[in-house]
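Below is one structure, written out as structure tokens, with a few remarks after it.
The values are calculated or read from the model by the stated rules, or taken from the named source; none is laboratory data. Predicted model only: the values in this text are computed from it and were never measured. Heads up, the Cβs are rebuilt from the backbone with ideal geometry, glycines too, and the neighbour counts pull from every protein chain shown. Accessible surface areas use protein heavy atoms only, side chains included; no ligands, DNA or RNA. Shrake-Rupley method; radii C 1.70, N 1.55, O 1.52, S 1.80 Å.
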Amino acid sequence: MVAQYGGSLNRLFYRLAPTYTTLMENFSNPTVYTLYLTYACYYLPRKTDSVVKSSLEVDGFSIEQIAFSDTVYLLTYTITILFAGMYGSSIPANKFLCYSLTALAIVSFLKGLVSAPMHYIALQLLHAMIQSTGWPTCVRVLSLWVVKDRGLVMGVWTTCQSFGGIFGAMVASYFVNGYSRQMAYFVNVPFCLFTAYLAYKNVEDENSKQQEYTAVVDVEKERAKKDHLDHRRGGDGSKIKLDQPKVTFSQLLCKPGIMLVGIGYFFLKFVRYALLMWLPFYYEEGLHFDGLTAGFMSTSFEMGGVIGTPLIGYVSDQYLGGDNSRTAALFLAGASVMLFACNIVANMGIFLNQFFMVMVGILIIGPDSIISATIISDLVRDNGLSPQDTGSVAGLINSMGSSGSIFQSGATALITQYYSWTALFNSFVFFSLLSSSILMASIWLRNRKSISLLRG
């Protein structure tokens, strides 16, 4: 029995050793780990906005004004991320991120000073414009530095969103309940400025990696053709050219899979952002926990994301042959079950509520991470696009997803005010299943396109 147990451990070690080596090789790169810290820092002011909702209500903001400020933020983010993805590549990444984080520190400081709803909403507009620069820039650079085992590495890297959210929620909850809403915003300033300095010093622009990226992609394409993976993923094996002209958004929408992935991302983002922005308010107002407890309980969603983002990449690479879209669809189907369970355990105490919200975080944030990073890289590669188009594809798909986050703000306020929190969670169940179905349809469409190319 002991020998059998030891043999199992040895097999597990040898299976995980290449995974550990791959992660260490990538995250020892200053660009990769600095970008991790950079995007985690972007999440600090975002999470502060969700934690202070009850405090804003005490200060005289109505629920409608709070929901409207979220809508302004998300609508602006959706529009500006399109341009940030397309035109951000014209500025060196280290300078672009440095300027962005510095501006984020200034806006966070100003939000701590204002008390009038219209002033706060105006700052939300500026906040969204700055936030929109982060993700396309980070993904554009990472797609050229991370060239092997992208599902696993990008899955681990995107835990930065969850860690930033957890840290931001804990810091904001502590300062809102222990000091004031103003201090919750002021404390973000030194973090943003320090990270801006790190980004300026450590982030290396993508030009130095373009030739290596092209060589590795060509090798991967040849291997994919031999293994018949192109038939399943929808790629045509065409060579990626670095000097080809940028494609327009209308051309991108005609590429196989991009439109459907964006639509599926719309419904996923509806669910994720409703939870991200309203979960502390739900625990406090809906389930009647105190403010500090509600703030800390809301971190359970991001804690699930810490598990889900590397897990989905590992499952995709090791068990589903790198079929990232199918993996995301399966996770989302599971999320619908866990969201239904959240309604059942709503009045059964802290432990069960946190347990099922962790499961929801695993099954919602995991697919979000793989769609917004790895699947984007897959779409760029499989459609024969240039690496320079990665930012445009990321901006387009994230913009379509962010449209869902816009609608959730008003819908959340409307459903909870005129119906109930239970009705809201039932809508989450439906949207998770719908997103899963659309992603499966995108797989069918890409396979059909691949078959027609093989026959043609």
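With only the Cα atoms considered, region 388-442 has a convex hull volume of 71 Å³ per residue. In the structure shown, the pairs Lys47/Lys111; Lys53/Lys269; Lys111/Lys269; Lys201/Lys269 are assessed against 23 Å; a Cα-Cα span above that value is assigned to Lys111/Lys269; Lys201/Lys269. FRET efficiency for the Leu113 to Trp444 pair, using the beta carbon distance and R₀ = 45 Å, is estimated at 0.30. If R0 is taken as 22 Å, the Cβ-Cβ distance between Leu320 and Val345 corresponds to a FRET efficiency of 0.15. A viscosity of 1.306 mPa s and a temperature of 10 °C, combined with the Kirkwood radius over C-alpha pairs in the Stokes-Einstein formula, give region 264-407 a diffusion coefficient of 100 µm²/s.
With R₀ fixed at 35 Å, the C-beta to C-beta distance from Leu414 to Thr21 puts the FRET efficiency at about 0.10. Full extension of the chain between Ala423 and Ser180 gives 84.2 nm of extra length, using 0.36 nm per residue less the Cα-Cα distance.
Across Glu302, Glu285, the residue with the most accessible area heads the list, and the full order at a 1.4 Å probe is Glu285, Glu302.
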